[in-house]
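In what follows, a structure is listed as structure tokens, so that the remarks can point back to it.
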Amino acid sequence: MSIESMKELNGRLERGEVVILDGAIGTELQHRGVPMDWAAWCAIANVSHPDLVRQVHEDYIKAGADIITTNTFSSARHSLEPAKRGGQAREINLRAVALTKEARARAAKGRPVYIAGSMSPFGALMEAGGLERHSLAKLRSSYKEQASLLVEGGVDFILLEMIRDVERATIIMEEAVATGLPVWVGFSTKVDKDGVIKIRDEWVIVRDLTFDQVYKAVMALGGSVVAVMHSEVEYIQPTLKDIKARWKGPVGAYPNSGYWERPDWKFDKVVSPEAYLSEAKKWVQMGAQIIGGCCGIGPQHIEVLKKGLPTRIPASAKR
């Protein structure tokens, strides 16, 4: 990690600048022909298709992304073991970081590009018939290892994604914070028929949690950015409103579009880049500074965001 690069990024956020995050990694790899593993999803691509992983990162940089995300969303040891790749945990995670650095060296052309090390509850929280339900002790060991590998590889900060429970999310958060790196936290939400913001709970073993419950437990442990991500576009505005009422630091938004039928993403209902930009402008007006995309959102969306979004949030939206 470069301390200077994080000072630079934090300075941009303090000045109210809009920072562009990349789009999806896993679904973009699938879109380009990389087979998704039923257990480990996109993680194996770091060693089976490294050139394509690097190219995806390069394409996001060329599209205007200020932040690129390591392909480590599903790379913790407990996710790799059911795919018989547990013994490659070190190789797969370090290779993921190296590929982001290679992409930055090839495509950034001197422009600052920051590297986010992705961690998630993939494989720890999701229902998956036939897969082992991991003990909390095993999960802690797995996340401790992954966080350490991301630091060793040289990410700028840790990005926690699809946070959707308390017990497992607390473990991920504690291990991420223990690295000493900045930790950005992305929650996945939905809104129920009564207008209550809930945690998105498709495919997971924990049900019917409110955003309030999970936010309070997780953010009490630290964190420097709060984002709503891998949520339907329609749920971004209400969740942002709730976040802005309780959080005084920088805020981000990067939803998904389409739907998942394990292990593949279905792209037949993905929002157009132009429609996505129209929604993203509303998020910026609400004070979201970090804008990107999750599953289904590709480089073409990021390019439109870079060209079409304001460069700063309104003065009235600053914390």
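Number of residues in segment 56-85 that are farther than 22 Å from ALA147 by Cβ and either surrounded by fewer than 20 Cβ atoms within 10 Å (Cβ to Cβ) or among the β-branched types (Val, Ile, Thr) (or both): the value is 5. Residues in segment 202-218 that are farther than 15 Å from ILE171 by Cβ and within 17 Å of the chain's Cα centre (by Cα): 1 in all.
Cβ-Cβ contacts under 9 Å between residues 6 or more apart (or on different chains), taken from a first residue in segment 33-44 that is modelled with pLDDT of 95 or more and charged (D, E, K, R) to a second residue that is buried (at least 20 other Cβ atoms within 10 Å of the Cβ) and not in a loop (DSSP other than H, G, I, E, B), are listed as ASP37/ALA45. Residues that are among the aliphatic types (A, V, I, L, M) and part of a loop (DSSP other than H, G, I, E, B) do occur in segment 210-230. Any idea which of ALA137, ALA116, ALA105 is surrounded by 17 or more Cβ atoms within 10 Å (Cβ to Cβ) and either β-branched (Val, Ile, Thr) or out of contact with any Cys (no Cβ under 6 Å at 6 or more places or on another chain) (or both)? The conditions single out ALA116. Pairs linking a residue in segment 248-271 that is over 22 Å from LYS306 (Cβ atoms) to a residue that is among the charged types (D, E, K, R) and surrounded by fewer than 16 Cβ atoms within 10 Å (Cβ to Cβ), with Cβ atoms under 8 Å and 6 or more positions apart or on different chains, are LYS248/ARG319; GLY249/ARG319; TYR259/LYS266; TYR259/LYS269; TRP260/LYS266. Between GLU274, GLU279, the distinction of being among the charged types (D, E, K, R) and without any contact (Cβ under 8 Å) to a residue 40 or more places away in the chain belongs to GLU274 only. Per this entry, ALA169 is not counted among residues that are assigned to a helix (DSSP H, G or I) and out of contact with any strand residue (DSSP E or B) (no Cβ under 8 Å at 6 or more places or on another chain). Please verify whether LEU240 is more than 27 Å from ALA169 (Cα to Cα), part of a helix (DSSP H, G or I), in contact (Cβ under 8 Å) with a residue 24 or more places away in the chain and of a type in the set (A, V, I, L, M), treating the condition exactly as stated. In short, no. Would you confirm, using the coordinates I've provided, whether ILE199 is surrounded by 24 or more Cβ atoms within 10 Å (Cβ to Cβ), closer than 25 Å to SER142 by Cα and not charged (D, E, K, R)? So ILE199 passes the test.
There is no residue in segment 297-318 that is surrounded by 19 or more Cβ atoms within 10 Å (Cβ to Cβ), part of a loop (DSSP other than H, G, I, E, B) and touching a strand residue (DSSP E or B) at 6+ places or on another chain (Cβ under 6 Å).
The values are calculated or read from the model by the stated rules, or taken from the named source; none is laboratory data. It should be emphasised that the depicted structure is a prediction, and the values quoted were computed from it without experimental measurement. With ideal geometry, Cβ positions are generated from the backbone for all residues, glycine too; neighbour counts draw on all protein chains shown.
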